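Report on the structure given below.
The values are calculated or read from the model by the stated rules, or taken from the named source; none is laboratory data. What you are looking at is a predicted structure, and each value in this text was computed from that prediction instead of being measured. Don't worry about glycine lacking a Cβ; one is built from the backbone with ideal geometry, like all the others, and counts go over all protein chains shown.
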Amino acid sequence: MGLDRIGTFRCKALEWGVDGKTKKGTNVKLPWFNVRVLLTEIYDQKEGKWFDYTEYEAEITAFLCLYGAIKAKGGEIGPTLSMDQVKKVFKWDGRSLIQLAGGDYSELEFQVRIGENTYSEATYPYQINWVNEYDADPVAQLRKLDAKELKDLDKQFAAMGAKNATPKAAATAAKAPAKPHPARVPADDKPPTATEKKAKMAERSAKNLKAAEAKKAAGPPPKPESQDAVVPPAKPESTACTMQEGWNKIVELRDPSISDKVIGEVWHGAIAEIAGPDVVSEDVTPEQWHQITEKTLESVAKF
């Protein structure tokens, strides 16, 4: 039957070898590690489980470029992220291509992430975009440093981080409420685009404005029944607040269906519009914090 979908699979190596391909426009030949695999299991993101896939007898070849041009270094040739994964999956130290090509991987099982082949002259609709170890998290999409790598990197930049750190008081004031753990997006659903998000925010703003106008048109409250009753004067609405007071008001009045990320984007957009894109929190006036709060609520308040 063969492969009929994209996704994350487990597989077994059937055939492997090192190939050399000339870099386009140059005479430089770069090494590739190619592995033909049999797909044995598929991961279902909705169920959160692995399912048998051997009945499809699906095979596909991974073409893994080990060295390539590094844009950040002006096109200098260097190891690729695929090489890092090959070293990890095939237990290779990266020293000898002969050693890699001559290894025995007949009993090796690992993961492959398969996507659509977007090459204009492609003759096969699918391609392997990533390889990983057998027990790796099938949901993870980002490369993360291990504990030792993270510790070394943190040590390297500790002095620079301390020099540029945000003062504790400001960091505490600007801290947003903790995010709830997001529900996993079903595989068949697509996240909203930036245009759709903006349209949704504009729709909320229009509804808020309409509600405010309707409330205004309702007129003043009726006269109290008792002529002797003392009606205290209405307390004037404050036109100034601190950053924390403004944020607390947003948290209290926010529409719970709007994510923290979107609210944060609207909040910072209002700061840039009212106080300037390069302003620091200490230079924003209480009146501006009030305006920023109201501007944010126009788009994110519940109604």
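For segment 46-68, the set of residues classified as more than 26 Å from the chain's Cα centre (by Cα), exposed (fewer than 11 other Cβ atoms within 10 Å of the Cβ) and farther than 17 Å from Q111 by Cβ consists of E55 only. Among the strands (runs of 3 or more DSSP E) confined to segment 7-72, the ones with at least 1 residues that are touching a strand residue (DSSP E or B) at 6+ places or on another chain (Cβ under 7 Å), charged (D, E, K, R) and under 20 Å from K88 (Cα atoms) are located at 7-22, 29-44.
Annotation for segment 86-98: at least one member residue is farther than 16 Å from V131 by Cβ and in a helix (DSSP H, G or I). Which residue out of Y105, Y119 is within 28 Å of the chain's Cα centre (by Cα), at pLDDT 65 or above, assigned by TED's automatic domain parsing to the domain that holds K46 and assigned to a loop (DSSP other than H, G, I, E, B)? The match here is Y119.
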